[in-house]
Amino acid sequence: MKRFITLFILLTVLLTTIHATSDRPNILFVFTDDHAPHAIGAYNGWLKSVNPTPVIDTLAKEGMLFERSFCSNSICGPSRAVILSGKHSHKNGFMNNGNSFNWNQQIFPKILRKNGYQTAIYGKSHLKGKPQGFDDWAVLPGQGLYYNPDLIFPDGRRRVDGYCTDVVTDLAVNWLKEKRDKSKPFMMMVQHKAPHRNWMP
């Protein structure tokens, strides 16, 4: 009987652990700048045949696609502040790109971190100040540059050679492969600067 109870307890703990892990999915939040839904195949956009987006389409098919989202402030920094805080611009204090974001307020990465997630953000922030609620980051100062951008890391600012989209992607992939604690679920924000501007080779 004792063996049965011990086995039952071990199985219960194991199943609870497996269930708890599956309830906490990894979150990859990809944010492209000024990328209209009609230019993305996953949204069945009318430009999908002009400029196919197979990688984005695959991510959307295998993950989650925002189909009922509303942009309450279409300006760059304020839009990002709304996403992080879940509050309208007049409530989170970041109403235009001239403002500074109050990183001390409650934001969803802080909540995830408190609940055992490892968090990271790479790319364009445009919120000023050092990101809070993230275990690792590398963000562009302001708009940043497309070629050989400076990035702000936890240990300071430095230039990284390459095209910004490639640099941000490489940082994100490196974190997933080398820096991430695989015993925890993760939430990573990959925030590309493109296609914010005209196309350049």
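Starting from residues that are surrounded by 16 or more Cβ atoms within 10 Å (Cβ to Cβ) and not in a strand (DSSP E or B), keep the ones in the range 129-141 and report whichever is nearest to the chain's Cα centre (by Cα). So, considering only residues that are surrounded by 16 or more Cβ atoms within 10 Å (Cβ to Cβ) and not in a strand (DSSP E or B), the one nearest to the chain's Cα centre (by Cα) is PHE134. Every condition in (1) modelled with pLDDT of 95 or more; (2) at positive phi; (3) crowded, with 18+ Cβ neighbours inside 10 Å holds for GLY144 except the one numbered (1).
Each row is one residue, and each column tells you yes or no for (1) touching a strand residue (DSSP E or B) at 6+ places or on another chain (Cβ under 8 Å); (2) more than 25 Å from GLY129 (Cβ to Cβ); (3) among the acidic types (Asp, Glu); (4) surrounded by fewer than 20 Cβ atoms within 10 Å (Cβ to Cβ).
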position: ASP170; (1), (2), (3), (4): no, no, yes, yes
position: VAL173; (1), (2), (3), (4): no, yes, no, yes
position: LYS179; (1), (2), (3), (4): yes, no, no, yes
position: SER183; (1), (2), (3), (4): no, yes, no, yes
position: ALA194; (1), (2), (3), (4): yes, no, no, yes
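Quickly run through the range 166-192 and pick out the residues that are in contact (Cβ under 8 Å) with a residue 24 or more places away in the chain and either part of a loop (DSSP other than H, G, I, E, B) or more than 14 Å from the chain's Cα centre (by Cα) (or both).
So the first thing to find is which residues in the range 166-192 are in contact (Cβ under 8 Å) with a residue 24 or more places away in the chain, and the list is 168, 171-172, 175, 179-181, 184-192.
Across the range 166-192, the qualifying residues are LYS179, ARG180, ASP181, LYS184, PRO185.
Those residues that are touching a Gly at 6+ places or on another chain (Cβ under 9 Å) and exposed (fewer than 14 other Cβ atoms within 10 Å of the Cβ), I need them from the range 66-97; list them, please. Answer for the range 66-97, where residues must be touching a Gly at 6+ places or on another chain (Cβ under 9 Å) and exposed (fewer than 14 other Cβ atoms within 10 Å of the Cβ): just ASN96. The residue that is surrounded by the fewest Cβ atoms within 10 Å (Cβ to Cβ), among those in the range 54-65 that are of a type outside the set (Gly, Ala, Ser) and not in a helix (DSSP H, G or I), is MET64. When the range 147-161 is filtered for residues that are surrounded by 15 or more Cβ atoms within 10 Å (Cβ to Cβ) and in a loop (DSSP other than H, G, I, E, B), the ones remaining, listed by number, are PRO149, VAL160. Before we move on, is LEU84 aliphatic (A, V, I, L, M) and outside any loop (DSSP other than H, G, I, E, B)? When the stated conditions are applied, LEU84 passes them. Within the range 83-104, can one find any residue that is within 14 Å of the chain's Cα centre (by Cα) and at pLDDT below 95? Yes, the range 83-104 contains a residue that is within 14 Å of the chain's Cα centre (by Cα) and at pLDDT below 95. Being out of contact with any Phe, Trp or Tyr (no Cβ under 8 Å at 6 or more places or on another chain) and in contact (Cβ under 8 Å) with a residue 40 or more places away in the chain is the filter; apply it to the range 109-123 and report the residue that is surrounded by the most Cβ atoms within 10 Å (Cβ to Cβ). Within the range 109-123, the match that is surrounded by the most Cβ atoms within 10 Å (Cβ to Cβ) is LEU112. TRP199 meets the conditions (1) at negative phi; (2) in contact with a Gly (Cβ under 7 Å, 6 or more places away or on another chain); (3) at pLDDT below 95 in every case but one. The failed one is (2).
The listed residues are THR16, THR32, THR6, and the only one of them that is closer than 26 Å to GLY133 by Cβ, among the hydroxyl-bearing types (Ser, Thr, Tyr) and either modelled with pLDDT of 90 or more or out of contact with any Cys (no Cβ under 9 Å at 6 or more places or on another chain) (or both) turns out to be THR32. Is there a residue being loosely packed, with under 12 Cβ neighbours inside 10 Å, more than 23 Å from ARG113 (Cα to Cα) and modelled with pLDDT under 85 anywhere in the range 35-49? Scanning the range 35-49 turns up at least one residue that is loosely packed, with under 12 Cβ neighbours inside 10 Å, more than 23 Å from ARG113 (Cα to Cα) and modelled with pLDDT under 85.
The values are calculated or read from the model by the stated rules, or taken from the named source; none is laboratory data. Please read these numbers as outputs of a predicted model, since none were measured by experiment. Note that each Cβ is placed from the backbone with ideal geometry, even for glycine, and that neighbours are counted across all protein chains shown.
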